[in-house]
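One structure is given here, and the rest of the page talks about it.
The values are calculated or read from the model by the stated rules, or taken from the named source; none is laboratory data. Since this is a predicted model, take the numbers as computed values, not measurements. Cβ atoms come from the backbone with ideal geometry, glycine included; neighbour counts cover every protein chain shown. Accessible surface areas use protein heavy atoms only, side chains included; no ligands, DNA or RNA. Shrake-Rupley method; radii C 1.70, N 1.55, O 1.52, S 1.80 Å.
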Amino acid sequence: MSSLEIISFSYNNLSGRIPTTVGLHLPNLERLYLVHNQIYGKIPLVITNASKLEILSLANNFLTGTIPTNLGNLHELQYFFVHTNQLTNEPREHEFRFVKSLADYRMWRYLQVGSNPLNGVLPNSIGNLSSTIENIYISDAHINGLIPTGIGNMSGLTGLDLVGNNLAGSIPSDVVKLKKIQGQYLNNNKWQLQGHIPEAVCHLTNLVNELSGLIPECLGNLIIEVSFDHFENEWSSYSRRVTEFNR
């Protein structure tokens, strides 16, 4: 059925593998939904031959192997959901190669690959992802190392979720560039992010956060609703300012 544009088999009990020919005979396929099934095996590399794909949603299955490094061939792809599987990083690779392959790609909006044992480091090239990308979800993915400084280049980002990894170091001051950010979740990292919360956070007027550590004094200048349940230490010295947030 070469004219087929949408396949949606989500929330069933389908089992088995994704056919290796799925990208060869469906040249007009735009949306593929296989969420919440019992699909196992690898994501076929030839899936990128379905060059008109805009949405590829394979989350909540039992997929194994690696995330294809040729996703950049899908020039129309905007939504990529493969979270909650058993996908891993390339063997003997330190950085995530699939992220590198997406550098300078201009169509992304949602990239959700969390809840997989990826086990690697976010490359600096993540900052080269499209300025149109809105949401990055890579929580509980065994990410090690630092938060790349170039992350501030993704100016369209509204949500960044890196919860439950092994991130260390400090929060880059480049976050000041994320003017549209509304949710930035960095809590529960085993190696723990350290140092002060950068004053750059005070310029993110849409932010609803779950950070922990010292509260910058300049936060008193923000008129937003903020939850301070995770903040420690200098609460008392800024309590008067914080009351302004809820007026």
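Observations
- Comparison of 117, 123 shows that the only residue that is in contact with a His (Cβ under 7 Å, 6 or more places away or on another chain) and farther than 20 Å from residue 76 by Cα is 117.
- Count - residues of region 55-89 that are among the hydrophobic types (A, V, I, L, M, F, W, C) and open to solvent by 30 Å² or more (accessible area, probe 1.4 Å): 2
- Selection count, region 19-43, where residues are outside any strand (DSSP E or B), open to solvent by 10 Å² or more (accessible area, probe 1.4 Å) and more than 16 Å from residue 84 (Cβ to Cβ): 11
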